Amino acid sequence: MTHNTPEDHGTGCPCCSPYLWGNRRPRDPGLSRRGFFGAGAALTAAALSVLGGKKGDAAGLSALAFTAPVIAAGETRRDRAAAAGVTVYRGGTIRTMNEETPLAEAVAVRGGHIVAVGTEAEVAARAGGDARIVDLEGRTMLPGFIDCHGHISITALLMGFRNLAPRPAGPIGCIADIQRELVLYRDETGGGRGGWLLGASYDDSLLEEKRALTCADLDEVSTEQPILVYHASLHVVVVNSNALSLLGIGADTPDPQGGVIRRWPGTKEPNGILEEGAISLALPRLPQPSADELLVLLDKVQDQYAAWGITTAQDGATRRPDYDLLTLAASRDRLRLDIVAYPFFTHMDDLANGDIEMRRDYNGLKFGGVKLMLDGSPQAKTAWLTKPYEVVPPGFAPDYSGYRIVDDDTAAKLVDDAFGNGWQVYAHCNGDAAADQFIGAIGKATEKYGPADRRSTVIHAQTLREDQLDLMAKLGVMPSYFVSHTFYWGDWHRDSVLGPERGARISPVRSTIDRGMRYTLHNDSPVVPSDCRMLLWAATNRKTRSGKVLGGEQRITAHEALRGITIDAAYQHFEDDLKGSIEEGKFADFVILKEDPETIATDALLNLTVVETIKRGETIYRA
């Protein structure tokens, strides 16, 4: 058995941690990890049903009316911005990201929009004598950064959990650090949330012990209250013995469909690790945050994004709970950032039957299109490649190259439906075989409907080949690169996933630029934090955790990296007429930095200082 298709892949798939391959061998028969996405059990069931060909079942589980949010009566944040007077910014470096006039001496803002850009004399003449003057004091002003792929709703949900991410995204280096953080969480929250101690983003591949967390490790924190920890991939949770007892999971509990309860070697006793669909055994017993609590968590995420200079965020693969949260936030005027949502492909019928208008701003919330998922992740060795992995996981055939999520006909139908409805379509494609499938589907749909400005986007795009870039340029398909992979998992890609030659080509941004194509850069929060400074640093340096350069020939300049989080990111969202550059008529979305990213050493980009973030003329962050 080759395990090259969804049908013959085993249920014992690991999450994104490479070290789980050595701890558990694939098993047959059963459903693979392909069905599980995100933190919601409802979407898990829906995706499994769709991929199993049970469209009706999925519709019943995930049906929702995509209705426009009803905005509360009264003055909104955007109304106040529209009524604001004139402010002039001067006295610093103003990088417009407009290639025709890349630098300006001053900018005037009124009513949340830019009304003048140019020399101080030109802007002063248009601003009038009553304008408020802001001295940049030698700092650098840029367009507000745009997070062009991430999952802000799931990030908000996990804000209520203790951050157990490895350094530098979190404080964790070893299992003792995890135990310490959970104790601190208990003390700081007065006993946890609803009696549970909750953690998220732990990654065993980066622990000193190089092994998975178990209930025995969590029992050292407490055996008196339940504990649950999410893995960074969201495909695995770990619980302690108290939680196992509370959940009724024991030696006689069978593995649920599409999931695995891991056992201690040589026994049937659970070791606390719940994979894939087995997570659904725990989720119903977790404390459920109220709508108001979720709004507070979303506020916190927006505050963090603003502190990184982000003025527009994305919710990729929006699920039912995400939709409910975002529309509620819009209706209550709680969106300080603009958010562009891309509902998951399991909701395409619901989207077609609703009254949401694509690309319309609903008080800061916009629906941009739909999101497909065509393969897994390279670090987990589930991305769908055209050639075998450098080091094949234990238990797999020597020619193992990952696997698809849907067949070619289904992918073509999904893209055809999106084109027919006039929707922009994103597709998660880490492996080059998945990209082949998406590009082929785009080609068929383009032949049927004719060429148009659709801005279809390959999300993550880790292993795009040169010939694929040629086809994408011809079809008008954009790549959005998860370029921070070069740091977080670069050594693993080079040594085990792809080998030196293919590993050096992950996120081939330079090859994209050489073709004159537009591109974007993203972090995929909550997989890693949405700190755009990491994107600038990773794209220009391509250094791994070990300090080695991975594919130096694919490095780009700071200016080119900035394009990927400003003007080209706005273009990907069909918002380049409103955002992404400092030009007259566009939104007054700015980030003010202490340093100039185009003149400092590229090694210093990771430590850029965000002084202020401005959204439609309103300061939403100040250091």
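Note on segment 370-510: Rg/Rh from C-alpha atoms, Kirkwood Rh, equals 0.99.
Going by alpha carbons, how many degrees (0 to 90, nearest 10) lie between the helix axis of 320-331 and the longest principal axis of the chain? Helix 320-331 and the main axis of the chain meet at about 30 degrees.
Looking at the calculated P(r) for segment 274-339, what percent of the C-alpha pair distances fall above 18 Å?
On the way: 1020 of 2145 pairs.
In whole percent, the share of Cα-Cα pairs in segment 274-339 beyond 18 Å is 48.
Summarising the label geometry, the points placed 7 Å from Cα in the beta-carbon direction at ALA68 and ALA83 lie 2.3 nm from one another.
Semi-axes of the equivalent ellipsoid of segment 65-141: what are they in whole Å, largest first, if each equals the square root of 5 times a C-alpha gyration tensor eigenvalue?
Details: eigenvalues 181, 54, 23 Å².
Rounded to whole Å, the semi-axes are 30, 16, 11.
For segment 314-374, the average shadow cast by the Cα convex hull is 3.9 nm², which is a quarter of the hull's surface. Computed from Cα positions, the angle between helix 175-189 and the longest principal axis of the chain comes to roughly 70 degrees.
The percentage of C-alpha pairs in the chain whose separation is greater than 32 Å is 47%. Global size of segment 276-435: 18.7, 55 Å for Rg and Dmax (C-alpha atoms, Rg to one decimal, Dmax whole).
For all pairs of alpha-carbon atoms in segment 217-329, what percent lies in each bin of width 10 Å, listed from the first bin to the last filled one? Values per bin, smallest distances first: 12, 34, 28, 20, 5, 0.
Distance from the C-alpha centroid of segment 264-279 to that of segment 416-475: 39 Å, rounded to the whole angstrom.
For segment 583-623, just say rounded, prolate or oblate: build the C-alpha gyration tensor, square-root its eigenvalues into a ≥ b ≥ c, call rounded for a/c under 1.5, and beyond that prolate if a/b exceeds b/c, oblate if not. Oblate, since a/c reaches 1.5 and b/c is not below a/b.
In terms of the ratio Rg/(2.2 N^0.38 Å) built on C-alpha atoms, what value belongs to segment 519-623?
Normalised Cα radius of gyration, segment 519-623: 1.12.
Quotient of the Cα radius of gyration of segment 383-463 and 2.2 N^0.38 Å, N being its number of residues: 1.23.
Calculate, for the chain, the solvent-accessible area per residue in square angstrom, rolling a 1.4 angstrom probe over the heavy atoms of the protein chains. Present the calculation step by step, with values, prior to reporting the outcome.
Details: 22170 Å² over 623 residues.
So the chain comes to 36 Å² accessible per residue, rounded to a whole number.
Once every DSSP H run of n ≥ 4 in the chain is given -39500 (n - 2.57) and the sum is divided by its residues, what mean residue ellipticity at 222 nm do you get, rounded to the nearest 500 deg cm²/dmol? Mind dumping the intermediate values first?
On the way: 21 runs with 185 residues, N = 623.
Estimated from H runs of four or more residues: -8500 deg cm²/dmol.
Taking only alpha carbon atoms, segment 223-283 gives an Rg to Rh ratio of 0.93, where Rh is the Kirkwood radius. Taking every DSSP beta bridge that has both residues in segment 392-544, what percent is antiparallel when rounded to the nearest 5? That works out to approximately 0 percent antiparallel.
What ranking, highest mean first, results for peptides 382-388, 497-503 when packing means the other Cβ atoms within 10 Å averaged over each residue?
On the way: 382-388: 21.3, 497-503: 19.3.
Peptide ranking by packing, descending: 382-388, 497-503.
Over all orientations, segment 185-239 has a Cα convex hull whose mean projected area works out to 4.0 square nanometres.
Computed with every protein chain present, the accessible area of LYS579 is close to 10 Å² [probe 1.4 Å]. Pairs with C-alpha atoms separated by more than 28 Å, drawn from the list LYS300/LYS615; LYS413/LYS615; LYS210/LYS381; LYS300/LYS371; LYS268/LYS387, are LYS413/LYS615; LYS268/LYS387. Using a 1.4 angstrom probe on heavy atoms only, work out the carbon and sulfur share of the accessible area of the chain in %. Of the solvent-accessible surface of the chain, carbon and sulfur hold 50 percent.
Bridge orientation summary for the chain: considering DSSP beta bridges with both residues in this region, about 50 percent are antiparallel. Across all directions, the average flat footprint of the convex hull enclosing the Cα atoms of segment 374-426 is 4.4 nm².
The ellipsoid equivalent to the alpha-carbon distribution of segment 513-580 has semi-axes of 23, 16, 9 angstrom, derived from the gyration tensor eigenvalues as √(5λ) and listed largest first. The calculated P(r) of segment 83-216, using every Cα pair and 5 Å bins from 0, goes 2, 9, 13, 12, 10, 6, 6, 7, 10, 11, 8, 5, 1, 0, 0 in percent. A straight line joining the Cα centroids of segment 188-233 and segment 507-565 runs 32 Å.
Answer rounded, prolate or oblate for segment 451-605, using the Cα gyration tensor with square roots of eigenvalues a ≥ b ≥ c: rounded when a/c is under 1.5, else prolate when a/b is larger than b/c, else oblate.
Working: a/c = 1.98, a/b = 1.20, b/c = 1.65.
The shape class here is oblate.
Put simply, when 472-484, 143-155 are sorted by average Cβ atoms within 10 angstrom per residue, most first, you get 143-155, 472-484.
The values are calculated or read from the model by the stated rules, or taken from the named source; none is laboratory data. Computed from a prediction, not measured in an experiment: that's the story for all the values here. Cβ coordinates were reconstructed from backbone atoms using ideal geometry, including for glycine residues, and neighbour counts include every protein chain displayed. Accessible surface areas use protein heavy atoms only, side chains included; no ligands, DNA or RNA. Shrake-Rupley method; radii C 1.70, N 1.55, O 1.52, S 1.80 Å.
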